[in-house]
1. Where in segment 198-224 does the amide nitrogen come within less than 19 Å of the point 7 Å from the Cα of residue 92, taken along Cα to Cβ?
2. Could you tell me the distance between the Cα centroids of segment 250-306 and segment 13-71, to the nearest Å?
3. Working out 0.36 nm times the residue gap between residue 115 and residue 228, then minus their Cα-Cα distance, what length gain in nm do you get to one decimal?
4. Distance in nm between label sites at residue 201 and residue 2, each 7 Å beyond Cα in the beta-carbon direction?
5. What length, rounded to one decimal in nm, is gained on full extension from residue 275 through to residue 262, with 0.36 nm per residue of separation minus their alpha-carbon distance?
6. Nearest 10 degrees is fine. How inclined is helix 43-57 to the longest principal axis of the chain, computing both from alpha carbons?
7. Compute the acute angle (0 to 90°) between the alpha-carbon long axis of helix 236-245 and the principal axis of greatest extent of the alpha-carbon atoms of the chain; round to the nearest 10°.
8. Please rank 74, 140, fewest neighbouring Cβ atoms within 10 Å first, as an exposure proxy.
Ligand code: BDR
Ligand code: CA
């Protein structure tokens, strides 16, 4: 089967970075472009991180376009206390030498979907500002997209507030536009991604991954949270990418999702109604993750990326080959 074509809209971001490594390493996905949005850190930071990741991982041919710096109607928020001042925790990737693609991320999204109707899936793992602006500027993207999968929202607890998840709370008006656009949003939220925890056993496997482990994965996850035998930081964004590689990893259920934009205590809440009552669902909402198989996929893919990086740097210590 041909790989699924994707555009990743993101705000790297520790877990965005780990999602990008997964997408890059998966033979089942083809990244047509990466678009950036202000979120975990400001737009300059998220864009710089995307550029650094591209060169560190070695996919220089994939365009990267910068997008919206902040929310449609609200003051900017960030999560630098979670992701570090740079946005990539303790990772110190070399500065990028190649620039962003000219043009705005919103136009990149529209033109990429227009060029290949029915074939390109949008994966949004940051605030939904770019996606909302793309819908407003060219409503036909809703029909052109093969799908939209987001990491965002929650039908139980929030992380930005008791009720709201960060990506939705950062720009609730944008999220409301996206959920109301007429397509079916695959919403992989905290209800699922909170299970994707990096345990000590997972971190040990990452530590054996040469430069990928030492320069990116470990400085990211160790900054992101305390790793224990059965707990650790949750790699939220990678869940959305993993779902596209293997949908059987995450159970999804149809629902009607409305985004709260006015609530005094609940702004950014994804009010999720599984009781359809004859209504057409606007979302498929993730309800559970097969955590064991999720990590099997990630670690196998990361190991392959790690070997490729070592092969590109033969002067550095080589990793064992898969057969040794
Ligand atoms: C989401 O918020 C961001 O901090 C992460 O990158 C992820 O996209 C989790 O709530
Ligand atoms: Ca993110």
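1. Of the residues in segment 198-224, 210-224 have backbone N under 19 Å from the label point off residue 92.
2. So the two Cα centres are separated by 21 Å.
3. 36.1 nm
4. Using points 7 Å along Cα→Cβ, the separation is 3.9 nm.
5. Working: separation 13, 0.36 × 13 = 4.68 nm, distance 2.30 nm.
Between residue 275 and residue 262, full extension yields an extra 2.4 nm.
6. Compared with the principal axis, the helix lies near 40 degrees.
7. Taking the Cα atoms of the chain, the angle to 236-245 is about 90 degrees.
8. Values: 74 16, 140 12.
With the sparsest Cβ surroundings first, the list reads 140, 74.
Since every read-out is calculated from the coordinates, none of them should be taken as a lab result. Just so it is clear, the structure is predicted and the values come from calculations on it, not from any experiment. Note: ideal-geometry Cβ built from the backbone for every residue, glycine included; neighbour counts use all protein chains shown.
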